[in-house]
Amino acid sequence: MPPRPLARSGPDFSHETAAWMAGDVPVAGADEVGRGPWAGPVVAAAVILDPERVPAGLNDSKKLTAAKREALYEIICETAEVSVAFAPPARIDATNIRQATLWALARAAAGLPRAPRLLLVDGNDLPPVGCAARAIIGGDGLIASIAAASIVAKVTRDRLMGELGRVHPGYGFERHMGYGTAEHGAALERLGVCRHHRASFAPIRLRLAREPEAAE
């Protein structure tokens, strides 16, 4: 029997069901988080959901509370096939944020226990993968497996930035997650640049131009 679409608001399993009916099994969803911050990696996730155990309440991670994301993260990891990949600041600086993001998405897809026949990706760019792929703008709010990937990527990155906040106290990474907030800007003026900052991003690049030794 083919999997049944979920009858609920928000993302559903209908795209995956259509792929299943067309013989594209397994189908995975992929998403990333962390393109905009001044510090930390881009984190990409790919998820193959079990058609019989699709978690209720999936949605774009940005629309969920931290507590709800954490709860869903645990359920996703228990019931689905999950892979996560990181594009660190060094790769972002060596290429650019777009290429680093696509690289991380491709690595996440390649890390799944089973190679997907179809990869559904949030956004309008496709990573270089060895299977059919579709880019869906706003996919994290429409497609269950992409929503699951967005939750896994967000929770993974938030936990990592919390750890960086403990290792590098004073920057506030555990609060702003590396984004360009007033708190982050003030910390840069006070503490300088650390190795987790993206040297190619304008605020960091300008500071390094003033104080080249800041990242040493």
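The values are calculated or read from the model by the stated rules, or taken from the named source; none is laboratory data. Worth saying up front: this structure is predicted, and the values here are computed from it rather than measured. Here Cβ is always computed from backbone atoms with ideal geometry, including for glycine, and neighbour counts include all displayed protein chains. SASA here: full protein model, heavy atoms, side chains in, ligands and nucleic acids out. Shrake-Rupley method; radii C 1.70, N 1.55, O 1.52, S 1.80 Å.
A few remarks follow.
- The magnitude of the dipole of the chain, with charges of +1 and -1 set on the Cβ of Lys/Arg and Asp/Glu and taken from the Cα centre, is near 280 debye.
- Folded to 0 to 90 degrees: helix 97-110 orientation relative to the chain principal axis, Cα: 40 degrees
- Looking at the chain, the accessible area is 46 square angstrom per residue; that uses a 1.4 Å probe and ignores ligands, DNA and RNA.
- Relative contact order of the chain: 26 percent, from C-alpha pairs under 8 Å at least 6 residues apart in sequence.
- The antiparallel fraction among DSSP beta bridges confined to the chain stands at about 55%.
- Fraction of accessible area attributable to carbon and sulfur, the range 81-123 (%, probe 1.4 Å): 53 percent
- Here the peptides 39-45, 141-147 are ranked by packing, the mean other Cβ count within 10 Å, and the order with the highest first is 39-45, 141-147.
- Computed over the range 18-113, the ratio Rg/Rh where both radii use C-alpha atoms and Rh is Kirkwood: 1.01
- Distance from the C-alpha centroid of the range 133-172 to that of the range 39-54: 9 Å, rounded to the whole angstrom.
- Accessible surface of the range 138-187, 1.4 Å probe, proportion on carbon and sulfur as whole %: 62 percent
- Computed [θ] at 222 nm, helices only, for the chain once each DSSP H run of length n ≥ 4 contributes -39500 (n - 2.57): -12500 deg cm²/dmol
- Projecting the Cα atoms of ALA87, LEU58, ILE97 onto the charge dipole of the chain, computed from C-beta unit charges around the Cα centre, puts ILE97 farthest toward the positive end.
- Among ARG107, ARG134, ARG69: highest mean-square fluctuation, GNM of the chain, C-alpha pairs under 10 Å: ARG134
- For TYR179, the accessible surface of its heavy atoms amounts to roughly 90 Å² (probe 1.4 Å, protein chains only, rounded to the nearest 10).
- Compared with the alpha-carbon gap, the fully stretched path from ALA135 to MET21 is longer by 39.1 nm at 0.36 nm per residue.
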